[in-house]
Every structure is written in structure tokens, then in C-alpha cells.
Amino acid sequence: MATRLKNHFVELDGGIEERYSNVAAEEGKLLVGINCYNKTKRGYQRILGNTKFDSTEVPGTGRLRGVWRYNGVTYAFRNHTDGTTCKMFSSTGSGWTEKKALLTKDGSYEFINEDFAGTLKMYGASGVHKAFEWDGTTWTDITTGMAADTPDHIIQFKKHLFLSFDRSVQNSPIGAPTGVWVPVTGANEMAMGDTVTGFMRMSGGFLGIFSRNRANVLAGSSTADFVNDNLSEHGLQVGALPGTLQQMGSRVYFLDDRGIVDWYTARNAGDFDDATISYSVNEFLSTQSTLISASCVVRNKTQYRLFFTDGTGLIVSLAGNNVKGITRTIFKDASGNNLPVRCIANVEDSSGAEEIIFGSDDGYVRVMESGNNFEGYAIEAYLKTLYTHAKQPGVEKQWQSATLDVQSAGVNTIQAKPDFQFSKPGVEYVSVDIAGSSSILGQFLLGQGLLGASPVSEGRVWMPGHSEYVNMTIYSNADEPPWEIDGIMYRYLPGRRLT
């Protein structure tokens, strides 16, 4: 009896998987995933691009020190051209106007917009200058009375302005951030025992105070009854690396030595190991954690993102309380150079929609998740799936074809390359070279095109090869709308059983 063709569908999901061998993990996960992310239900989608918020560079020198939006105006901080001071500039998208000069140089700015007494105002801290209040016209330095009055982190909690000074936390009078502060030192000081790396308001009416190796929660409503509930003894010590704290709904995420932590799980379960959500990419994080430059959430895609000084990043795609998968990014500028995200803000545009603005080394403010390219430079994206044995381990297969379940908002040029892994040595191995398109097997347009000299229809890729396992690389390098791929249907003839 003739052997009949069999079909095997691989549903793509789960993100990059570094923990297991290529053939031991779930087949829909990835060996490589660059500039794509897990969709909410299943499958992967290429990222959107970046565009310049303002076509002109923020005046000054060096990287941008902070970006923010207040009352519809975008603000950026950058060192003066002589490098001795820092300045604040404003823009609505058509040029930058100096608003404040003679600030202390360098610094890493954090901001909040808060209404303490009937008017929404902008507040900031940089680690090198006094905290400040800005109402769109007047800049007011906030004097706290601390010996080194250069706070690093800032937040509003129960109508108090909270600032951190190395290991100490201080708060303003209620409703009066520019009023007379009375710093608490000595035995009653809110001393964290470690350098504070950030604040976060928590569900239940608590304030999270995070340090490099500690996590604390503040309860109460005023100076009279603020109580510090120290959680550093729950499980092993845990703390947040600077610049990694973000909130998505009631959940708080940050990077610790163990990896990315879901604080909600850690606080409620008391087990930080169970709360680590990045085991699948911790090998990558172990080499990148010293390069952290910024983080953000993308709320309309339920994503937590980390960025590094070399221009790379991570996208953690979430679905409810679960991690859908983690993939990587490599941002580029208009010349094709890696583009690091140095400072970032999740704000609203004029219609109230989410907008993510960021600053980099070249002095421009950019809008993330905008357009189909990197300022005219094509977005190079690729994913390489884990190997599948089509639920027939130990059986050699004669692969016939693969049909890609691809969706698109427009015409996309995508390339595909199957890779055959043989069970015995001495048989030629067809490798994947994703560095250039010349080694990718063929090129097809959705619904039409050519694969070498063979016609391609509806994303079908012909696969002339024999092996026990196979995987697929999907590649694109074009200025086009994002593609989506949800799965791959492989067709094959079962062969002999391998011994």
C-alpha cells in the first residue's frame, strides 16, 4: 500500500525559548525572534516602526536626559552645548523652545503630572538637581532641607510628594509639594537600608518602595500614620534594577538578578522564584542586565518592554496574568545604526490615545509604535521556530511543502527557509543564514510570486528534504505594513524508523 501524505499543523506561540535543547521544547516556540512579538491569542506579528516627533534635534550635546508631556506640550532635557549645564526645552512638533537653563548637567530625569491643590502641574527629579514644579510658565525648585538635596526618584502618594535620596525616603506636607518640608532623620527616618531604585503606587492603597536588593511597602495616609512594612525577608532578597519598574493594571514588573519579576505574584505568594517570568530568556538577560537603559509598557498591546544601551530590547507579551512569550528588538536610526532608548514616557496624544515617546543619543525625540519603518530605514525582522518531528519522533520524513498561515494589512514581501535536522551524523545539514537574503530559500509575495523557478500560492514553500525534524525561518526586510503569522502546516511522507 502506498504511503499517504500526512499533514502536521504547528501553532506558533510562546516566544523565545533558551532553556531546553532545540527539540525538547514546545514546537511553536522560537529559537530566534527579532522585531516581532506574540499576539494576544496566538501567532507572531512584526513590530511597527519609529518616527521623529519633531524633525529638529533638541539643542545641546550628548544623549537626551529626559522626555515628558504635560498639558499637550512635549518637554526634553539635554546638556548645553558646552557640556557644563543642562536645559529644558518644549515642543508641539515644530521646533524646540528653551524653557529653563542652568540646570545641573547630566542626570536622569523622572516625571509625574499631579494635582495637589486644584491645578495639574508637572514635577520632576534628576539625581543631580533639586526636584522641581512646573506649571507651563514658572519653574519652582523644591527645597527639602536634605543635606544633599538632589533626589533620584519621585512619586505622589496620598497627596504627598515623595522623593528618594540614596537610601532615605522623604515626603512633603500634605497637598503642598513646594511647602516647608521637615526631613525625618535618625531613628524615625524611612531608611531603606539600600539605595532606592524607584517608587510604584500599588493596588490596595500602598506605596511600593524598591531598592537594589529590597522591596518595601508603605501603608497609611499621612506622616502621622505612615507604616513601613518591610518585605525584604519574604523568600530570598529581591530588588529592582534602576529604570525597570513598570505597572500594568494592578501588576508591577521589574528586572531583578533572577530575571523579570511579577511583583503581584511575589507579594501574594511570598515566593519570588515563582514570580520570575523570564526563565525562557534569562541567559540573554544575564549578559544584558548591566546595559539597562529604560523600560516602558505598551498598554494597548499589554506588553512590558526593556531596552539596553546597545540598541537591543525585550518585549514581554502578556495575556491576563500570563506571559504569552518574550521576543527581542533591535531599533535602527535612519542610517541603519543601532538606536538605544535612553529615556522614555508613555503619554497621550491630542485625541487621548496612548503614545510612547523616547529620546536617544542623537538628540531627537521619537514616537515608538509609529509607521512601517525606522524613519525610512526598512525594519529587518525574523523568527526561527523550534524543530518539530510532527508527533512522529524516530521517523525519517520526506518533507513536501509548508503552508504559512499568514495575514497582512497590505502586500508584504516575506522570505522563508526550512532547515532539516538529521538524526545521524554524516548527512549534509542545511543551515540557516539569516544575515543576508541571498541564502534564504526563495522569496514570495502573499498569494503570488516565485520560489526559485517554482510558483508559490498562498504562502506555500516547497521543501525538498529528508529528516526527522524540521523548522522554519521567516524573514523580512522591507518598508511595509507588519505581517502576522499564526501557524505552519507541514506536509510530508513518513519514511523508515530510525535506529
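The values are calculated or read from the model by the stated rules, or taken from the named source; none is laboratory data. Because the structure is predicted, anything quoted here is derived from the model rather than measured. We place every Cβ from the backbone using ideal geometry, glycine too, and count neighbours over all the protein chains shown. The area values use the complete protein model at the heavy-atom level, side chains included, leaving out ligands, DNA and RNA. Shrake-Rupley method; radii C 1.70, N 1.55, O 1.52, S 1.80 Å.
Annotations for the structure displayed:
- Against the test of being touching a residue at least 12 places away in the same chain (Cβ under 8 Å) and not in a strand (DSSP E or B), the options Val281, Val297 yield a single qualifying residue, Val281.
- You will find that of Phe9, Phe89, the residue that is more than 24 Å from the chain's Cα centre (by Cα), open to solvent by less than 30 Å² (accessible area, probe 1.4 Å) and either modelled with pLDDT of 95 or more or not small (Gly, Ala, Ser) (or both) is Phe89 and no other.
- Options Asn477, Asn412; residue that is within 26 Å of Asn373 (Cα to Cα), open to solvent by less than 60 Å² (accessible area, probe 1.4 Å) and either polar (S, T, N, Q) or modelled with pLDDT under 50 (or both): Asn412
- In region 457-471, the condition of being modelled with pLDDT under 65 and not polar (S, T, N, Q) is met by at least one residue.
- Output for region 294-321, where each listed residue is buried (at least 19 other Cβ atoms within 10 Å of the Cβ), farther than 23 Å from Arg42 by Cα and more than 11 Å from the chain's Cα centre (by Cα): Gly311
- Hits in region 37-59 - residues which are polar (S, T, N, Q), over 25 Å from Asp362 (Cβ atoms), out of contact with any Pro (no Cβ under 9 Å at 6 or more places or on another chain) and open to solvent by less than 60 Å² (accessible area, probe 1.4 Å): Asn38
- A count restricted to region 393-407 and to residues that are open to solvent by 40 Å² or more (accessible area, probe 1.4 Å) and basic (Lys, Arg) stands at 0.
- Glu17 at pLDDT below 95, touching a helix residue (DSSP H, G or I) at 6+ places or on another chain (Cβ under 9 Å) and surrounded by 19 or more Cβ atoms within 10 Å (Cβ to Cβ): yes
- Qualifying residue in region 135-158 (condition: acidic (Asp, Glu) and closer than 20 Å to Gly118 by Cβ): yes
- Hey, His153 farther than 13 Å from Leu218 by Cβ, buried (at least 18 other Cβ atoms within 10 Å of the Cβ) and in contact with a strand residue (DSSP E or B) (Cβ under 6 Å, 6 or more places away or on another chain) or not: yes
- Each residue in region 282-293 was checked for being among the aliphatic types (A, V, I, L, M) and under 13 Å from the mean Cα position of the chain (by Cα), and 2 of them qualify.
- Near pairs, Cβ below 6 angstrom, 6+ apart or cross-chain, from region 37-65 (closer than 30 Å to Leu386 by Cβ) to any residue that is part of a loop (DSSP other than H, G, I, E, B) and of a type in the set (Asp, Glu): Arg42/Asp13; Leu48/Glu369
- Matching entry among Phe358, Phe374 (being modelled with pLDDT of 95 or more, farther than 21 Å from Trp483 by Cα and not charged (D, E, K, R)): Phe358
- Region 332-356 - residue that is in contact with a Phe, Trp or Tyr (Cβ under 6 Å, 6 or more places away or on another chain) and open to solvent by less than 50 Å² (accessible area, probe 1.4 Å) and, of those, farthest from Ile315 (Cα to Cα): Gly336
- Exactly one residue out of Thr119, Thr150 is over 32 Å from the mean Cα position of the chain (by Cα) and of a type in the set (S, T, N, Q), and it is Thr119.
- Residue pairs meeting the criteria (Cβ under 6 Å; at least 6 apart or on separate chains; first under 15 Å from Asn38 (Cβ atoms), in region 373-393; second open to solvent by 10 Å² or more (accessible area, probe 1.4 Å) and among the basic types (Lys, Arg)): Leu386/Lys29
- Apart from one condition, Gly124 fits all of (1) over 11 Å from Asp152 (Cα atoms); (2) in a strand (DSSP E or B); (3) among the small types (Gly, Ala, Ser); the exception is (1).
- Sole exception among (1) open to solvent by less than 10 Å² (accessible area, probe 1.4 Å); (2) modelled with pLDDT under 90; (3) over 33 Å from the mean Cα position of the chain (by Cα) for Gly426, by number: (1)
- Counting the residues of region 249-260 that are part of a strand (DSSP E or B) and closer than 17 Å to Phe206 by Cβ gives 4.
- Scanning region 95-106 for any residue that is out of contact with any Gly (no Cβ under 8 Å at 6 or more places or on another chain), more than 26 Å from Phe199 (Cα to Cα) and surrounded by 21 or more Cβ atoms within 10 Å (Cβ to Cβ) turns up at least one such residue.
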